[in-house]
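**Student:** Pasting a structure here, questions to come.
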Amino acid sequence: MKIAILPGDGIGPEIIEQAVKVLNVLGESFELETAPVGGAGYAAHGHPLPEGTLALAKAADAVLFGAVGDYQYDNLERALRPEQAILGLRKQLGLFGNLRPAILYPELAGASTLKPEVVSGLDILIVRELTGDIYFGQPRGVRECPDGPFKGQREGFDTMRYAEGEIRRIAHVAFQAAQKRGKRLTSVDKANVLETFQFWKDIVTDVHKEYPDVALDHMYVDNAAMQLVRAPKKFDVIVTGNMFGDILSDCAAMLTGSIGMLPSASLDANNKGLYEPSHGSAPDIAGKGIANPLATILSAAMMLRYTFNKNEQADRIETAVKSVLAQGLRTADIFEPGTTKVGTAEMGNAVVKALAA
Ligand code: NAD
C-alpha cells in the first residue's frame, strides 16, 4: 500500500499532516512518501509537477493530495501555474472517474442554506466522468459560421462526444460505488435532446445487466438539478458526464454549506486514485492553524474504501469524524455558538483520539 503524499501549497501541508496522523494510527502497513507539488514544486524544481513527483505518483497505488495555488504564482505563464499540477496528474494517471460525496452530518445541518429537514443526514455520491465530453471533444474553436441565419459571422463551437468504452468504464465505476453504498444509481443525461446522451443512456442500461443488485433509474439533467435542491436525500449515487457533473457536483457540495468537510476521489480503470479535499489551498488562512482538516481526513477514508478495499478502516475514520462533531468540536469555518472552536492540529488530534477509543 504505497501512498504518494503531495501536500502542495497554502493550507495543504497543515491539513495533510492531520490525515497522515490518522493513517498512522490505523495499524496498517502503509508506505508513505512525500513530494512537492504546485507552487511548492515550482519553488523546489521550477515546475508545478516536477518529474520526481510525477514518477512517485505513477509508482504509488494512491495519491493523497492537499491543495495547490497561491497568489504569489498568479503572474506565472499558464503552464507553470500551480493549478497545472492537478490537471497534469489527472491526465498522466488516466484519472477519468471523479467521485464527490456530499454528506451533511446532522450536527452541521445549520450550515446549509436549505431547510435543515431537507438536508440533515444527506449522504449522496456524484460520479462524474472527468476526461471526455464537450470539455475535450474535437473539433473546437472560433470560425466563420458556415450556414443558417448567421452565415458568414464568427461563431464559437465545441464538440460533445462520448465513445462507448468511455461510457462503459465510468458506468462500471458508478455501479461498483453503488454496490458499496445504498445500491441505487441514477444516471443523469439529456437523452431527449442530445444524441450523445441517448447513446450514454443505452450503454449505461446495457452495463446494468452486470449489476442486477443495483437499482438503476435515468433522469434528465434539468430535472436532476431541480430534485437536488427539492429532495436531495432521494438520491444515493448519481453518474453523469463531465459537463453535467461539473455543475451538479458543485450544486450538491453547496447543499452541505461547508466546503471544509467535502472529500473527493479521482480514479483510473484499476481503482488507483488521487484523493483530495474538494476545496482549494485557502491562502487567506494558510499558516494560521485554523483550517478544517476533515475533508482531507475523509479523503483518506475514501482512499481506503476505493483503492485499498478496506471498508472497515474507512468506516472507522468516518465514525471518528462523526464522533468529534458530536463532541461539539468545530474549526472556525463550521463554528456555531454553543460549540467549541478548535484549530487544525487539535481537530486532527481529536480524530486520532476517537479512533483509539
Ligand atoms: P478555496 O477553496 O481555497 O477557498 C475558498 C474559501 O473557503 C476561503 O475563504 C477559504 O479560507 C475557505 N476554505 C477553503 N478550505 C477551507 C478549509 N479546509 N478550512 C477552512 N476554510 C476553508 O478557493 P479559492 O479561494 O477560490 O482558491 C484559492 C487557491 O486555491 C487558488 O489558487 C485556486 O486556484 C486554488 N484551488 C486549488 C484547488 C486544488 O488544489 N484542487 C481547487 C480549487 C482552488
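The values are calculated or read from the model by the stated rules, or taken from the named source; none is laboratory data. Every value quoted in this text rests on a predicted model; they were computed, and no experiment measured them. Cβ atoms come from the backbone with ideal geometry, glycine included; neighbour counts cover every protein chain shown. Ligands, DNA and RNA are excluded from the accessible area calculation, which covers all protein heavy atoms including side chains. Shrake-Rupley method; radii C 1.70, N 1.55, O 1.52, S 1.80 Å.
**Student:** Spelling out what I want: for every residue of region 12-24, take phi, set θ = phi - 60°, compute 6.51 cos²θ - 1.76 cosθ + 1.60 (Karplus), and round to whole Hz; glycine and proline get x.
**Tutor:** x, x, 5, 7, 5, 4, 5, 5, 5, 4, 5, 4, 5
**Student:** While we're on this one: On average, how much area does the Cα convex hull of the chain cover when viewed from any direction, in nm²? Write out the running numbers ahead of the final one.
**Tutor:** On the way: hull surface 77.7 nm².
That works out to 19.4 nm².
**Student:** Here's another thing I want to ask about it. Roughly how many Å² of Asp189 are accessible to a 1.4 Å probe, to the nearest 10?
**Tutor:** Surface open to solvent at Asp189 totals about 0 Å².
**Student:** Here is a further query. Amide H to amide H, which residues 5 or more places from Thr159 or on other chains are under 5 Å from it, using H placed in the peptide plane?
**Tutor:** For Thr159, the qualifying residues are Gly137.
**Student:** If R0 is 22 Å, what FRET efficiency do you get for Thr319 and Lys180 from their C-beta distance, rounded to 0.05? If you can, show how the numbers build up before the last one.
**Tutor:** Details: r = 16 Å, r/R0 = 0.73.
The calculated FRET efficiency here is 0.85.
**Student:** So, counting K/R as plus one and D/E as minus one, what does the shell of residues with Cβ under 9 Å around Ile134 add up to? Kindly include the intermediate steps, with their values, before the conclusion.
**Tutor:** Values: positive: Arg140, Arg161; negative: Asp133, Asp158.
Overall, the nearby charge balance is 0.
**Student:** Give me log10 I(q)/I(0) at q = 0.19, 0.22 Å⁻¹ for region 97-180, Debye formula, one equal scatterer per alpha-carbon, no solvent.
**Tutor:** With no solvent term, the Cα-only Debye profile gives -0.87, -0.99.
**Student:** For region 97-261, go through all pairs of different Cα atoms, get the mean of 1/r, take its inverse, and jot down that Kirkwood value in Å. Could you put the intermediate results ahead of the total?
**Tutor:** On the way: mean 1/r = 0.0591 Å⁻¹.
It is 16.9 Å.
**Student:** Continuing with this model, one more query. Quick one: angle between helix 344-356 and the longest Cα principal axis of the chain, in degrees between 0 and 90, rounded to 10, please.
**Tutor:** The answer is roughly 80 degrees.
**Student:** Sticking with this structure for a sec: Where the centroid of each part is defined by its Cα atoms, how far is region 263-315 from region 192-246 in Å?
**Tutor:** 25
**Student:** Sticking with this structure for a sec: How much net charge surrounds Gly245 when only the other residues with a Cβ under 10 Å from the Cβ of Gly245 are counted, with Lys and Arg +1 and Asp and Glu -1?
**Tutor:** On the way: positive: Arg100, Arg128; negative: Glu129, Asp133, Asp246, Asp250.
For residues surrounding Gly245, the net value is -2.
**Student:** Taking a 19 Å limit on the Cα-Cα distance, which of the listed pairs Lys58/Lys310; Lys288/Lys353; Lys91/Lys272; Lys91/Lys180; Lys21/Lys58; Lys91/Lys310 fall beyond it?
**Tutor:** Values: Lys58/Lys310 21 Å; Lys288/Lys353 23 Å; Lys91/Lys272 13 Å; Lys91/Lys180 27 Å; Lys21/Lys58 23 Å; Lys91/Lys310 26 Å.
Those over the limit are Lys58/Lys310; Lys288/Lys353; Lys91/Lys180; Lys21/Lys58; Lys91/Lys310.
**Student:** When only Cα pairs under 8 Å and 6 or more residues apart are kept, what is the percent relative contact order across the chain?
**Tutor:** The value is 21 percent.
**Student:** Another question, then. When Rg is the radius of gyration of the Cα atoms in region 212-266 and Rh is its Kirkwood radius, what does Rg/Rh come to?
**Tutor:** 0.96
**Student:** Near Ser266, within a Cβ-to-Cβ distance under 9 Å, what is the net charge of the other residues, with Lys and Arg +1 and Asp and Glu -1? Walk me through the numbers on the way to the answer.
**Tutor:** Working: positive: Arg90; negative: Asp268, Glu276.
Residues close to Ser266 contribute a combined charge of -1.
**Student:** Could you derive backbone 3J(HN,Hα) for region 272-281 from the dihedral phi with the Karplus parameters 6.51, -1.76 and 1.60 (θ = phi - 60°), listing whole Hz in sequence and x where the residue is Gly or Pro?
**Tutor:** 5, x, 10, 10, 7, x, 6, 8, x, 8
**Student:** Counting only DSSP beta bridges with both residues in the chain, what percent are antiparallel, rounded to the nearest 5?
**Tutor:** On the way: 19 of 46 bridges.
Looking only at bridges with both residues in the chain, the antiparallel portion is about 40 percent.
**Student:** Ignoring everything except DSSP H segments at least 4 long, calculate the 222 nm mean residue ellipticity for the chain; use -39,500 (n - 2.57) per segment, divide by total residues, nearest 500.
**Tutor:** -12000 deg cm²/dmol
**Student:** To continue, here is another question. What is the spread of the Cα atoms of region 190-230 along each of their three principal axes, largest first, in whole Å?
**Tutor:** Principal axes ranked by extent give 30, 25, 8 Å for the Cα atoms.
**Student:** If you don't mind, another one. Among the trypsin sites (Lys or Arg not before Pro) within region 111-173, which fall in a DSSP loop and have no more than 13 other Cβ atoms within 10 Å of their own Cβ?
**Tutor:** Arg140, Lys151
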